[in-house]
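Asks: Below is a structure I'd like to ask you about.
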Amino acid sequence: MSSNCARWRPWTARPTPPPGAWRRERERRLAWQGERAQELRQRVKRRQGFSTLTADQSHHVLRPIAEAMTATGAEAVLPTLKALEDSFLQDLQEADEEANARLDEILEEPAFRVEPMDLGLRHREVGSEAEVEALLNEIRERLLARVRAGVRVRLK
């Protein structure tokens, strides 16, 4: 504290976290990243057709998820703690899209043809039982039209 007061503008000094607290929090956030990435890997692996991939194809599909992980250690000061979560979530979402697109591309064979479909449900509101039924009927018709055309649909 006294060293900060001796500075020209002491109020700009950043407080130093207690010894070990920074490291423990970074370890926690990096472990959290690993858990989210593993959940995503498992979700991609459960998709129909993934089990038929070769080792190289599997690696190609899952690579974006590995690349989304923050390459740092618990002792590092960068990226910031906030960035360990915020930017990672965006990177992981992009990795999810890329991994699924890569799998779709590999499985383009007619037996595995998969089309991504965005149902446009984000921020859609329902307020009554009738509105829920109407929405379900709309979704059912859109999905059945693609399935009847021989297409397997992956919801986005």
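The values are calculated or read from the model by the stated rules, or taken from the named source; none is laboratory data. Fair warning: this is a prediction, and the values are worked out from it, not measured in the lab. Using ideal geometry, Cβ is built from the backbone for each residue, glycine included, and neighbour counts are taken over all protein chains shown.
Asks: Can you name every residue in the range 87-113 that is modelled with pLDDT under 90 and surrounded by fewer than 17 Cβ atoms within 10 Å (Cβ to Cβ)?
Replies: If the condition is that a residue be modelled with pLDDT under 90 and surrounded by fewer than 17 Cβ atoms within 10 Å (Cβ to Cβ), then SER87, LEU89, GLU105, GLU108, GLU109, PRO110, ALA111, PHE112, ARG113 are the ones that fit.
Asks: Next question. Quick one: would you say GLU75 is within 17 Å of ARG24 (Cα to Cα) and in a helix (DSSP H, G or I)?
Replies: On the way: within 17 Å of ARG24 (Cα to Cα): yes; in a helix (DSSP H, G or I): no.
Judged against the criteria, GLU75 is not a match.
Asks: In the range 114-137, what residues are loosely packed, with under 12 Cβ neighbours inside 10 Å, assigned to a helix (DSSP H, G or I) and not hydrophobic (A, V, I, L, M, F, W, C)?
Replies: Answer for the range 114-137, where residues must be loosely packed, with under 12 Cβ neighbours inside 10 Å, assigned to a helix (DSSP H, G or I) and not hydrophobic (A, V, I, L, M, F, W, C): GLU129, GLU133, ASN137.
Asks: Residues in the range 68-81: is at least one surrounded by 11 or more Cβ atoms within 10 Å (Cβ to Cβ), in contact with an Asp or Glu (Cβ under 9 Å, 6 or more places away or on another chain) and farther than 30 Å from ALA21 by Cβ?
Replies: no
Asks: Separate question: Looking at the range 80-102, is at least one residue farther than 29 Å from GLU35 by Cα, of a type in the set (Val, Ile, Thr) and either assigned by TED's automatic domain parsing to the domain that holds TRP22 or not in a helix (DSSP H, G or I) (or both)?
Replies: no
Asks: Do we find that GLU27 is modelled with pLDDT of 85 or more and within 29 Å of ASP104 (Cα to Cα) in this structure?
Replies: Working: modelled with pLDDT of 85 or more: yes; within 29 Å of ASP104 (Cα to Cα): no.
Here the answer is no, as GLU27 does not meet what is asked.
Asks: Kindly indicate whether any position in the range 77-97 is more than 20 Å from the chain's Cα centre (by Cα) and farther than 16 Å from ARG152 by Cβ.
Replies: Scanning the range 77-97, I find at least one residue that is more than 20 Å from the chain's Cα centre (by Cα) and farther than 16 Å from ARG152 by Cβ, so the answer is yes.
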